[in-house]
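Just below is one structure, and these are the notes that go with it.
The values are calculated or read from the model by the stated rules, or taken from the named source; none is laboratory data. This structure is a prediction, so every number in the text was calculated from the model and none was measured. Here the Cβ is made from the backbone with ideal geometry for all residues, glycine too, and neighbour counts use every protein chain on show.
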Amino acid sequence: MNTVLTIIAWTLLAGIAMPIGAALAAVERIRPHWLEKEFRHFVTAIGGGALLSAVGLVLVPEGTRHLSILATTGCFLLGGGVFLGIDVALAAAKRPAAQAAAMLADFIPEALALGAVAVSSPNLMPLLATMICLQNLPEGFNAYRELAATSSRRPLKIILLFGVLALLGPVLGMAGYFWLATHETLLAGIMVFSGGGILYLVFQDIAPQVKLARHWAPPLGAVLGFLLGVVAQMLTNA
């Protein structure tokens, strides 16, 4: 029972960063205008860097530990192909949501892994949850701005939607704990699949939004975002 409550607590903490990031985006006001614009590009870059760190430091390395080269290749390419299809479908429907899709593609496998870790290495849960939380904050910020700009939903509705998504964390954590902890190959396939999808979205939709004419600081956000993942990974392995 204590383990179940611990998983619920840590996965909820990791997920709650999404609506918090969305709330910050809803109230964020910076003047002068050029600084506000540059800040938003900077946060977009942080989110992209955090997503890259999730792919390069967590999803792919952990996934490939339990997959063959052929299975890794298939899952990774399938992830990229599926998210390409999703991106095309959203564009055709004039409902771009690359940031939100990337956020979920990152959060779902990591929450599953968080529950599975409770079986093998429960002492790693706090650090892994903190790492997911740090990634979700800028991702929630960026996803909110994307949805607010492309939909008619009121700000509060978007934030509440992200709150509901955060509640997926405990559900996914329980699935990882009770089911996927004994199906390592399936969990590994999900992680590599998600890695391929995230990588596609980062280079197709997110990274191009970072560049800002005659401003050179925003791309440093990608460095900072990736560094957050590196530090969290080093702490996890310490």
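Miscellaneous remarks
- Total residues in segment 65-106, condition in a helix (DSSP H, G or I), in contact with a helix residue (DSSP H, G or I) (Cβ under 9 Å, 6 or more places away or on another chain), more than 21 Å from GLN135 (Cβ to Cβ) and modelled with pLDDT under 80: 1
- In the set (1) at pLDDT 75 or above; (2) more than 23 Å from GLY195 (Cβ to Cβ); (3) not hydrophobic (A, V, I, L, M, F, W, C), the condition left unmet by LYS37 is number (1).
- Residue satisfying all of: in segment 137-163; basic (Lys, Arg) and assigned to a loop (DSSP other than H, G, I, E, B); surrounded by the fewest Cβ atoms within 10 Å (Cβ to Cβ) among these: ARG154
- Candidates are the residues of segment 164-220 that are over 15 Å from the mean Cα position of the chain (by Cα), hydrophobic (A, V, I, L, M, F, W, C) and at pLDDT below 75; the one that is surrounded by the most Cβ atoms within 10 Å (Cβ to Cβ) is VAL210.
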